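Here is the structure we will look at, set down as structure tokens.
Values quoted throughout were computed directly from the atomic coordinates according to the rules given, and no laboratory measurement underlies them. All values derive from a computational prediction rather than experimental measurement. No Cβ is skipped: glycine too gets one built from the backbone with ideal geometry, and neighbour counts run over all protein chains shown.
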Amino acid sequence: MLFNRKGNKHRRPSKAVRVATLAGVAGAAVAVPLMGATNASAASVATWDAVAQCESGGNWSINTGNGYYGGLQFSQSSWAAAGGTQYAARADLATKAQQIATAEKLLDMQGPGAWSCAGAGNLTNDGVDPGVDTGSGSAKQEAAPKQEAAPKKTERTEAPATNRSDRSDAPKKTVTTPTGKKVAKGDGEYKVVSGDTLSKIATEHHVKGGWERLFKLNKDIVDDADLIYPGQQLHLTK
């Protein structure tokens with residue numbers, strides 16, 4: 001997905017990163033004409049495949065419920081702004097070719113910086129027209145199946161969240177989600193970025209006990225293990 005993200009799922013260490021705006025889906029106007037991709041701002045299918053591999057593990061129908069959809073993890077506002085709704089209501093309901101065609105328009109509008117995974121995919125305005133066939137605009141009629149979430153742990157009370165008396169005086173700051181909801185920011189040493197999940201963070205920072213331990217360490221700011229938000233600051237250790 002693109003430069004901002006909303007809540008991110010822990011279930012799979014996906015690299016889903018994102019696009020769009022903290023203004024939320026509703027009323028997110030983009031004062032840029034929806035022009036088609038030109039030779040000056042185009043990328044090959046192979047390049048988009050590489051970006052999608054980083055963004056979503058290459059799953060073009062992914063919808064984990066975190067507010068970003070499809071292989072290139074469009075936010076709803078970016079999908080609409082780049083004209084994707086002519087194909088489907090959401091990116092995960094569109095075909096791969098339709099998602100790439102919409103991504104070409106977003107690339108023309110915002111450049112490679114719209115994707116956090118631009119570097120991983122070596123995305124540039126390389127002028128290579130992907131030449132995708134978007135068909136007759138027929139979108140999938142059924143919503144893509146939601147990715148299965150890891151079973152919720154019912155025995156969370158068996159261990160204290162952690163002894164964090166030295167953090168009790170942390171300012172009660174908040175961050176605003178793409179839907180406008182305010183959630184606790186926290187004061188940990190790791191700042192959540194687009195595409196992060198508890199599973200991914202635990203793996204990359206070698207947190208003993210995995211995402212379950214990371215969740216317990218941050219129970220005071222993370223209400224749901226499946227949802228974390230860019231800007232939140234998590235503790236990786238006691």
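If R₀ is 35 angstrom, what is the calculated FRET efficiency for the pair residue 238 and residue 133, using the beta carbon separation as r and rounding to 0.05?
So the FRET efficiency works out to roughly 0.05.
Show me 219-229, 189-199 ranked by packing, highest mean number of other Cβ atoms within 10 Å first.
Highest to lowest by the protection proxy: 189-199, 219-229.
For residue 44 and residue 187, what does the FRET efficiency come to when R0 = 45 Å and r is the distance between their Cβ atoms, rounded to the nearest 0.05?
E(calc), rounded to 0.05, equals 0.55.
Structure shown: which of 185/208; 96/216; 96/200; 105/216; 96/185; 173/238 lie over 31 Å apart, alpha-carbon to alpha-carbon?
Long pairs (Cα-Cα over 31 Å): 96/216; 105/216; 96/185.
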